[in-house]
Each structure stands twice: as C-alpha cells, then as structure tokens.
Amino acid sequence: MPPLRYPPLSPEDSGLASRLRSSTRFLRLVHVHSCKTTQELAAQDPSREWMIFWSDHQEAGRGRQQRTWHDQPGLDLAATFSIHAELVEPVALAVVLPLCVRDAIAPMLGSAGSQLRLKWPNDVLLGDKKIAGVLIDADQLRPVRYRIGIGINVNSQLLHPDIAKLATSMRIATGQPHARGAIVESLARSMDRMVTGLQQGRATEFAERYAEGLGLIGRRVVVRAGNVASGVLESMDLTGLRLDDGRTFSLAHVTELRAE
C-alpha cells in the first residue's frame, strides 16, 4: 500500500522533521490542522516507520476509559507518537511514558518544574492539577506498533469548563507562551532515549523512578483492583504493588491508586 498523502510541512515543521530524523528514530512528521483524533490518524497509516502525528485540534479527543480530552485549537498539544518495537516487558511502557512527558516539559517550566508529579496510571500533574495525559494503543503487528497519544495543556489560559478546576497549563504556570514544536522535539528525544533504555533491560530503573514520581510509597493509599482495598503502600515494581499487611496487586488489574 502506498504511503498516505498529507499536507506539506511548513518550513518550521520541515526543520523539526529534519532534526528528528538526524537525532531520533522518528523518520516522519505529519502536522494537520484538524482531525478526529491523532490516534486514529496514526492507525490509518500503514507505514512501519517511527512517525509523529500532530494536530492543532482534535474534534473528538479522548483520554483513558473513553473520557473526553479537551484542547484549545492551535494552543495546546495533541500528538501521537507511532513506534515499532519488540519489548521484553511491554507493561513498562505505562511507567516510562509519563516519565517521558515529565522530563520533556520540566526544563521549560523553570522553577515550576519542581512541582511536577505523576498520578496513577499515566497523568502528569503540576501541583494538584493535571497538565498532561498519556494514552497507549497497541496494534498487533510485528514488530508491535504502539500508538502513544500525548495531550499537554500548553498555551491555554481559559480552560474548558469541564476541567477548569482540575487542570492547568504551561502558560498559566509560567506566564509565558511556549513553542509547541520544541515540546514535540523534546518528547521525541525523551521517548527514543527511554525506549532504548527498555530494550537495554533498564525497566526496573524506570519503575523505581515512576514509583518515586507518584510519591505514594510509605503513605496510606486506596487501591481499586476489582475490589477496593486500603493500607500503607510498602513497595511497587513492574509486577505489582504490595501493602503493609502483605496483600499484593498485579498492576494489570489496578484501575485506581491514590492517597487515602
């Protein structure tokens, strides 16, 4: 099947695409004005290359569990990073990707970057407000194609009423506008670096960083894994988590993990 045709890249995007090709495994960049979702845009492309699908607006953006993801057209970032990789521990992607987002945007937030933390399973918060989220879809190709949707509140100052009390943006946090292309580049570099780390067997290291980023070890938590349980979170790794009373839960079955 021949490659799909997309709008030509602007000079600025062409420069970004060239830098990505020379420094990461992302060989193609697609930037459109609008689409239903970048996940669907990526799913329709038959290419086996690493690609980035970026839209200035998603008409039906979604988060986990079919929740709606709101973006302000031309202000925020909605992108899907399509990667083809065989991973020994695919579950590790769920802990690596929020770390990628945090590491990519922290330097751009200045002193506010120290307030970034993670929320189970794949949100990034600034203080107690959501600033970014990650969605992972896998296509059973060989090697497996992972479509990694990332939404970041970048330059919005008036957030959608549904999220205004629960979310913030990089612009609100710093008082300055931020270049979305620079964020795409930083995300791509961070993601390529961490996927390489997974392929080199460093999943345990990333799991430890993720657990630290949640900030829940040693605290009383609520765990939902079918039934609801509570206790002090004693430890957490890629296989699961353990409470202080000895109960263990597989991460694959945990749908909620929060401070009590």
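Quick rundown of the values:
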{"quantity": "Test for Ser22: is it free of Cβ contacts under 8 Å to residues at least 12 places away in the same chain and either outside the structural domain of Ile152 (by TED's automatic domain parsing) or farther than 30 Å from Gly175 by Cβ (or both)", "calculated": "yes"}
{"quantity": "Selection count, region 204-231, where residues are over 20 Å from the mean Cα position of the chain (by Cα) and of a type in the set (D, E, K, R)", "calculated": "3"}
{"quantity": "Pick from region 134-152, criterion surrounded by fewer than 21 Cβ atoms within 10 Å (Cβ to Cβ) and out of contact with any Phe, Trp or Tyr (no Cβ under 9 Å at 6 or more places or on another chain), ranking: modelled with the lowest pLDDT", "calculated": "Leu141"}
{"quantity": "Top-ranked residue of region 85-142 - restricted to ones that are assigned to a loop (DSSP other than H, G, I, E, B) and among the hydrophobic types (A, V, I, L, M, F, W, C), ranked as farthest from Arg258 (Cα to Cα)", "calculated": "Leu141"}
{"quantity": "Filter pass, Glu234 being over 16 Å from the mean Cα position of the chain (by Cα) and within 30 Å of Ala85 (Cβ to Cβ)", "calculated": "no"}
{"quantity": "Qualifying residue in region 153-172 (condition: touching a Phe, Trp or Tyr at 6+ places or on another chain (Cβ under 8 Å) and surrounded by 14 or more Cβ atoms within 10 Å (Cβ to Cβ))", "calculated": "no"}
{"quantity": "Some residue of region 238-251 being within 23 Å of Lys130 (Cα to Cα) and either outside the structural domain of Gly15 (by TED's automatic domain parsing) or more than 18 Å from the chain's Cα centre (by Cα) (or both)", "calculated": "yes"}
{"quantity": "Subset of region 235-245 (residues that are more than 21 Å from Ala92 (Cβ to Cβ) and either surrounded by 15 or more Cβ atoms within 10 Å (Cβ to Cβ) or at pLDDT below 95 (or both))", "calculated": "Leu243"}
{"quantity": "Condition check for Ala138: small (Gly, Ala, Ser), free of Cβ contacts under 8 Å to residues at least 40 places away in the same chain and in contact with a strand residue (DSSP E or B) (Cβ under 7 Å, 6 or more places away or on another chain)", "calculated": "no"}
{"quantity": "Residue satisfying condition, being more than 27 Å from Glu86 (Cβ to Cβ), modelled with pLDDT under 95 and not acidic (Asp, Glu), within set Pro107, Pro177, Pro121, Pro161", "calculated": "Pro161"}
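The values are calculated or read from the model by the stated rules, or taken from the named source; none is laboratory data. Given the structure is predicted, the values throughout are model-derived calculations rather than measurements. In this analysis, Cβ positions are derived from the backbone assuming ideal geometry, glycine residues included, and neighbour counts consider all displayed protein chains.
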